[in-house]
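The structure appears below as structure tokens.
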Amino acid sequence: MDQRISLVTLGVADMDRAAAFYDALGWVRVESPDGVIAYDLIGQTLGLYPIAKLAEDLGLPAAALGHGAATYAYNVREQGDVAAVLAKAEAAGAKILKPAQDVFWGGHHGFFADPDGHIWEIAYNPFSPLGDDGAFRWNGY
């Protein structure tokens with residue numbers, strides 16, 4: 001198995017609301033089969049899928065899916081970009097969980113929850129600068 005993630009699928013309660021949120025962040029949808037909304041990222045794809053259908057695919061009741069202890073991180077190039085992205089997310093309907101602030105290890109970050117409760121970290125990591133194309137690597141390029 002190659003060391004990579006190809007697709008992150010978020011189970012969502014309301015496809016139109018979820019898509020409107022990510023559209024408002026400036027993300028662009030790609031052609032996708034019925035029932036899935038997809039956004040190509042740098043090297044991966046984010047998919048939105050009805051949580052009831054996701055549960056059905058897994059053979060579990062939707063209530064069993066709950067909210068896992070996972071976050072999705074979006075790293076930025078400059079420290080000031082953290083607050084700007086959080087503000088854009090809030091304007092699109094996100095709930096700010098932690099405003100932009102310095103972190104003990106030398107970075108700067110904040111967190112928001114999207115309309116379905118998926119938690120995103122917006123982070124500036126001076127030790128892991130982004131590649132020219134925006135790609136992230138743990139210790140930079």
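The values are calculated or read from the model by the stated rules, or taken from the named source; none is laboratory data. Note that the structure is predicted; figures quoted are calculated from it, not measured. All Cβ positions, glycine included, derive from the backbone under ideal geometry; neighbour counts span all protein chains shown.
Annotations
- Exactly one residue among ALA89, ALA83 is within 12 Å of the chain's Cα centre (by Cα) and not assigned by TED's automatic domain parsing to the domain that holds LEU7, and that residue is ALA89.
- Considering only residues in the stretch 77-98 that are of a type outside the set (S, T, N, Q) and part of a loop (DSSP other than H, G, I, E, B), the one that is surrounded by the most Cβ atoms within 10 Å (Cβ to Cβ) turns out to be ALA94.
- Test for LEU10: is it touching a residue at least 40 places away in the same chain (Cβ under 8 Å), outside the structural domain of ILE119 (by TED's automatic domain parsing) and either within 16 Å of the chain's Cα centre (by Cα) or farther than 22 Å from ARG137 by Cα (or both): yes
- Of the residues making up the stretch 35-76, those that are at pLDDT below 90, in a loop (DSSP other than H, G, I, E, B), more than 12 Å from the chain's Cα centre (by Cα) and at negative phi number 3.
- Hits in the stretch 117-141 - residues which are out of contact with any His (no Cβ under 9 Å at 6 or more places or on another chain), outside any strand (DSSP E or B) and in contact (Cβ under 8 Å) with a residue 24 or more places away in the chain: SER128, PRO129, LEU130, ASP133, GLY134, ALA135, PHE136
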